[in-house]
Amino acid sequence: MPRDSHNISRKNIGKNALKVLYRLNDAGYDAYLVGGGVRDLLLGLQPKDFDIATNATPEQIKKIFSNCRLIGRRFRLAHIVFGRDIIEVATFRGHHTPVDDKNKTAQQNEHGQLLRDNVYGSIMEDAERRDFSINSLYYSVADFAIRDYWHGIEAINDRKIKLIGDPETRYREDPVRMLRAVRFAVKLDMEIDDATAQPIIPLANLLQNIPAARLFEECLKLFLSGQGQKTFVMLLEYGLFQQLFLPIKDSFENKNEPSYKLFSLALKNTDSRIANNLRITPAFLFAALYWHQITPKRLDIQNESGLPVYDAFQIAMSDVLDMACKSVMIPKRFTSIIRDIWQLQPRFEQRQGNRPIKMLEHPKFRAAYDFLLLRAELEQGHLTELAQWWTDFQQSDENQKRIQISSVMKTDTDKPKKKKRRAPRRRKPAPPSNE
Ligand code: ATP
Ligand code: MG
């Protein structure tokens, strides 16, 4: 498609991406803007990032750019680093005809899943290796034309998500493409083409073969894109959510399940925060996702071991997080926030003495309070009153705070101050003496 038949203009392409395109061309290589960059510009959207494809190999790219880092095993890629802006440059991928073990460049497992994909090829082969036709468009700054080998422009006009090639084979090669189909359908408000949609339900369980760390990255894209709530509903319809969170899938069987309601509300909340440019954290969503798993776990622990509530609660939180991380690997920096959000929930009940003031000083007070608001919205009754109390408390001055604390003693929701029961501390065994 020549330059005068499309609406892509260099003005809308990031300046670093343009630099990389021109520099590669000047060094004698072909280079194209590809993927989401071209797709979103054609749709009149602001691309999230600009990806580039070239016939230069990663080593050749590295020679041209001093600010280049080579990354990836499954897909070897070059990252050109401009401060916080990173431009991803991929060498054209070729066909991954089965190769022998000596030539370890492309490998598949028994499910047809690609383990490595570092066979280089031509632009046409690269186009065929991309997932959806809307993602397989190439824009060049040498002639300003768009190259379209798989009717990508037609699919954009028809608003259709269509896999390139045989859908089942393509899902088997990389089951994450099922998640991507749903993500793009929601993000771009497009329809998944019948042939592309049909194999998803039968093949959804292939997600079990994807490393939990990669699934976490995908979850961020699915739930923190600004349309998390809609994406969640569609993932459920396709049986994909159930595979992502297999051990808790029964808690999402219908809209009336407490877990369903809480997670859905947390997503709604996150979506509206994104729309208002407010800060968000995945910890909040995961805290909502697994919140209702803790109490049954805690009760089991109490029954089995006779531990006091507090200790059983601590162990239950750890057990739930361990279970969670086996499916979708939540990094440590987030699990510690999830724990804080959970841990502070029972502490909202303790409103005597200095405790409320201390609570306000907790670094994760805000996230925990927002979480309390969600719970209150769903459970109402006592929690509504409690949430309101904390809302007022934050807004009042020092004097009013004192009055609020002393009046809480008179309400029937608070039990009189009791000495905290703690599990007896285990003594460390004395170090063995050498004498
Ligand atoms: P966005 O960045 O808006 O999420 P995108 O289409 O740019 O969307 P990326 O994950 O940035 O998505 O990938 C860039 C391009 O790489 C895609 O457009 C697609 O052509 C190709 N691609 C990414 N993931 C896959 C995959 N799993 N299988 C085949 N091609 C893929
Ligand atoms: Mg992209």
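The values are calculated or read from the model by the stated rules, or taken from the named source; none is laboratory data. Just so it is clear, the structure is predicted and the values come from calculations on it, not from any experiment. Glycine gets a Cβ as well: all are built from the backbone with ideal geometry, and neighbour counts include every protein chain shown.
Among the residues of segment 6-17 satisfying the criterion of being hydrophobic (A, V, I, L, M, F, W, C) and at pLDDT below 95, which is nearest to ligand 2 (Cβ to nearest atom)?
Going through the qualifying residues, I end up with I13.
I'd like to know if segment 57-73 contains one or more residues that are within 16 Å of ligand 2 (Cβ to nearest atom), farther than 28 Å from Q113 by Cβ and small (G, A, S).
no
Could you list all residues from segment 325-356 that are touching a residue at least 60 places away in the same chain (Cβ under 8 Å), buried (at least 18 other Cβ atoms within 10 Å of the Cβ) and either part of a helix (DSSP H, G or I) or not aliphatic (A, V, I, L, M) (or both)?
Once the filter is applied, which keeps residues that are touching a residue at least 60 places away in the same chain (Cβ under 8 Å), buried (at least 18 other Cβ atoms within 10 Å of the Cβ) and either part of a helix (DSSP H, G or I) or not aliphatic (A, V, I, L, M) (or both), segment 325-356 yields S327, R351.
Considering only segment 215-275, give the helices (runs of 4 or more DSSP H) lying wholly within it that have at least 2 residues that are among the charged types (D, E, K, R) and modelled with pLDDT of 95 or more.
Per the criteria, 228-237, 258-275.
Tell me which of these D250 doesn't satisfy, since it passes every other one: (1) touching a strand residue (DSSP E or B) at 6+ places or on another chain (Cβ under 7 Å); (2) within 23 Å of D322 (Cα to Cα).
(1)
Out of Y260, Y290, report the one residue that is within 20 Å of W342 (Cβ to Cβ) and surrounded by fewer than 20 Cβ atoms within 10 Å (Cβ to Cβ).
On inspection, the qualifying residue turns out to be Y260.
Quick one: in segment 161-172, which of the residues that are surrounded by fewer than 19 Cβ atoms within 10 Å (Cβ to Cβ) and not hydroxyl-bearing (S, T, Y) is nearest to ligand 1 (Cβ to nearest atom)?
G165
Just for strands (runs of 3 or more DSSP E) wholly inside segment 1-81: which have at least 3 residues that are crowded, with 16+ Cβ neighbours inside 10 Å?
Where strands (runs of 3 or more DSSP E) fall fully within segment 1-81 and carry at least 3 residues being crowded, with 16+ Cβ neighbours inside 10 Å, they are 31-34, 51-54.
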